[in-house]
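The values are calculated or read from the model by the stated rules, or taken from the named source; none is laboratory data. None of these values were measured; they are calculated from a predicted model. Neighbour counts are summed over all protein chains in view; Cβ atoms, including those assigned to glycine, are modelled from backbone coordinates with ideal geometry. When the accessible area is computed, the model is the full protein with side chains, heavy atoms only, and any ligands, DNA or RNA have been set aside. Shrake-Rupley method; radii C 1.70, N 1.55, O 1.52, S 1.80 Å.
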Amino acid sequence: MKFPEFDSRRSCLFRIAEPERKKFEKLLFQRHPAREWGSFFRFGYRRTQWGLAATFVSAIPPLPGDLDRQSSIVSFRPQYISRALKELEGTPFGIGIAHSHPHGWGVSPSSSDDDMDDYFADLFEPFGKSRPYCSLILNRQDDGGLVFSGRAFDSGKWFPITEFITPTFPYARLQNDEIEISKTTVSALESEGEESVTARLEQLYGTDAAKKLRGSRVGIIGCSGTGSPAIECLARAGISDFVIVDYQRFGRSNLERMHGSRFAHAQRKPLPYKVAVMAEMIWEINPAARITVFVGNILDDEVLGELLRCDLLLGCTDTHHGRAALSDIATRYLVPSIDVGVMPEGRDGKVTTQLVEITRYSSELPCAFCSDAVSTWPITVECMTDDERKQRKEAAAEAAKRGEDGTLYWGGDIPQLPTVGYLTTSAGSLAAGYAINWLAGTSDLPHSRFQFDIGQPQFGFTVINRKRTSLCNCGKIIGHGDQADAAITTPSHWPRPLKLSLLRPFVR
């Protein structure tokens, strides 16, 4: 029987944390190089408009007798299959299968692999209440490097698992060995016989690192003071695929700190969205760049779906709900991020503080709540309606008149920080530099969270230690995807996100 053709409109990205990947490889390759071995596994997932974001949770390793050791190919016995079916009925996760091929056999599915996948997809669907199914084939190259192929089944359709991602440093993204990679040009500024626009970067990092950057996809949430210089640095470094998110329109005060903006933007009626100004800037640097643009918020479902296609996220909003969402995405969906914020302060006409803070979020690190990077009250205020703020303030004032504690109703305003261009540019550019090195595999961040003050001796550099707290379950939901509760959800009164269709410049 010929295996069904893939649904060309859909794909699956498969992510696995490094500690789990090492254990899983050891399990699957225990009879390598001569014979196959396999295992069922649990995975979290999120259905998106482009397909499926799948995240490895844990193996369901075979017990003695679960696999036929006398067979040179992997052969699942009935008791092992029954155990997998019980997992489907007892947990919210999808159940997949992974197996190794003997050395030299590549990762092309054999006819028996086709039969096995067809059987399990059909068997698991009713038990799992139509949950998706994933199948992976792994092998070793002559140099020991890993290669894979894979496919997923969901809603009656098969589609490819295009990438196998380990989102730690150095960032590892394997392409499905059975899929031919498109050789489309990623920069209209690079022509044969001409100097590369990233020649100096390649001189420092090497051509392989530059190639990694050109193939990377970065999501930036917040497009003003820190976000705009970060976007400019990334575009000039050769990043050619962006998801940019911001709900605000450009304002006159943004001209002082927002890269890519001009006085003409302040004269337009209506004022342009900040994301549109950023798209203009990116295309002026690289007319061939691919840009997905949202007028919206990181909490929006459609926005999240696109962010899950990214290799790395940059948080540039300096909001508590934004940080909470970034760390939640890193934990549940294994998409790492770098968050950057600034805090300038002054008194009596003098600048007293010029603070920059940078934090990395990933599955192996404590979340924003464990790290004391966010607080419940600011999140509550950021997500309130204007009417609720007014009512709470009035209730607090009435309570104070009665001699009661008004903070039970209103915990205080969230101050608007006087961000200035030189500080936000420095912070955003530095965050972009860390992102570039992280994606290229050339260096990691020196610490997972740190602060410095450019007005203090030795920059007042401070490392902030982080530890998971026993009251938080972030360490228990790694890779759980939509099958774990979100740390924060979209307020019902927020407007739906708007995905802009912008006119891309013509590229010869």
- Which cross-chain or sequence-distant (5 or more) residues have an amide H under 5 Å from the amide H of V57, H modelled 1.01 Å from N in plane? R42, F43, G44
- Which helices, taking whole DSSP H runs in the chain, have alpha carbons extending 20 angstrom or more along the helix axis plus mean Kyte-Doolittle at least -1.0? 111-127, 421-440
- Message: Calculate the FRET efficiency for E364 and K393 from the Cβ-Cβ distance with a Förster distance of 60 Å, rounded to the nearest 0.05.
- Response: 0.90
- Beta bridge orientation in the chain: antiparallel %, DSSP, nearest 5: 65
- Given a Förster radius of 41 Å and the C-beta distance between R69 and F127 as r, what FRET efficiency does 1/(1 + (r/R0)^6) yield to the nearest 0.05? 0.95
- So how much accessible area does E394 have, in Å² to the nearest 10, using a 1.4 Å probe? 100
- Taking N as the number of residues in the chain, the ratio of its alpha carbon radius of gyration to 2.2 N^0.38 Å works out to 1.06
- Note on the structure: Dipole check, segment 302-424, charges on Cβ (K,R +1; D,E -1), about Cα centroid: among S371, L355, L307 the Cα furthest to the positive pole belongs to L355
- Message: If you take every residue apart from E357 with its C-beta less than 15 Å away from the C-beta of E357, what net charge results, scoring Lys and Arg +1 and Asp and Glu -1?
- Response: -1
- Item | Solvent exposure ordering (accessible area, 1.4 Å, most first) of D318, D301, D246 | D301, D318, D246
- Query: Leaving out ligands, DNA and RNA, what percent of the accessible area of segment 257-309 is carbon and sulfur, probe 1.4 Å?
  - Reply: 52
- With a 1.4 Å probe and all protein chains in place, put R15, R392, R31 in order of accessible area, largest first. R392, R31, R15
- Query: In the full protein assembly as shown, how much of V74 is accessible to a 1.4 Å probe, in Å² to the nearest 10?
  - Reply: 20
- Task: Scan segment 421-501 for chymotrypsin sites (Phe, Trp or Tyr not before Pro) in coil per DSSP, keeping those whose Cβ has at most 14 other Cβ atoms within 10 Å, and list them by number.
- Result: F461
- Message: Counting pairwise Cα distances across segment 315-391, what percent come out greater than 19 angstrom?
- Response: 47
- Query: Ranked by accessible surface with a 1.4 Å probe, highest first, in what order do E178, E284 come?
  - Reply: E284, E178
- Note on the structure: Residue-ordered couplings for segment 254-259, obtained by feeding phi - 60° into the Karplus form 6.51 cos²θ - 1.76 cosθ + 1.60 and rounding to whole Hz (Gly and Pro as x), are 5, 4, 5, 9, 9, 5
- Using only alpha carbon positions, build the gyration tensor of segment 11-130, then give the equivalent ellipsoid semi-axes as the square roots of 5 times its eigenvalues, largest first, whole angstrom. 23, 17, 15
- Message: Give me Rg/Rg_expected for segment 232-303, where Rg uses Cα atoms only and Rg_expected = 2.2 N^0.38 Å with N residues.
- Response: 1.11
- Item | Rg over Rh [alpha-carbon atoms, Kirkwood Rh] for segment 58-209 | 1.09
- Item | Charge tally in the Cβ shell below 12 Å around F24, where Lys, Arg are +1 and Asp, Glu are -1, F24 excluded | +2
- Net charge (Lys, Arg +1; Asp, Glu -1) of residues whose beta-carbon lies under 11 Å from that of S135, S135 excluded, is -3
- Message: I need the phi-derived Karplus couplings for segment 8-15: 6.51 cos²θ - 1.76 cosθ + 1.60, θ = phi - 60°, integer Hz, Gly and Pro marked x.
- Response: 5, 8, 10, 8, 10, 9, 10, 10
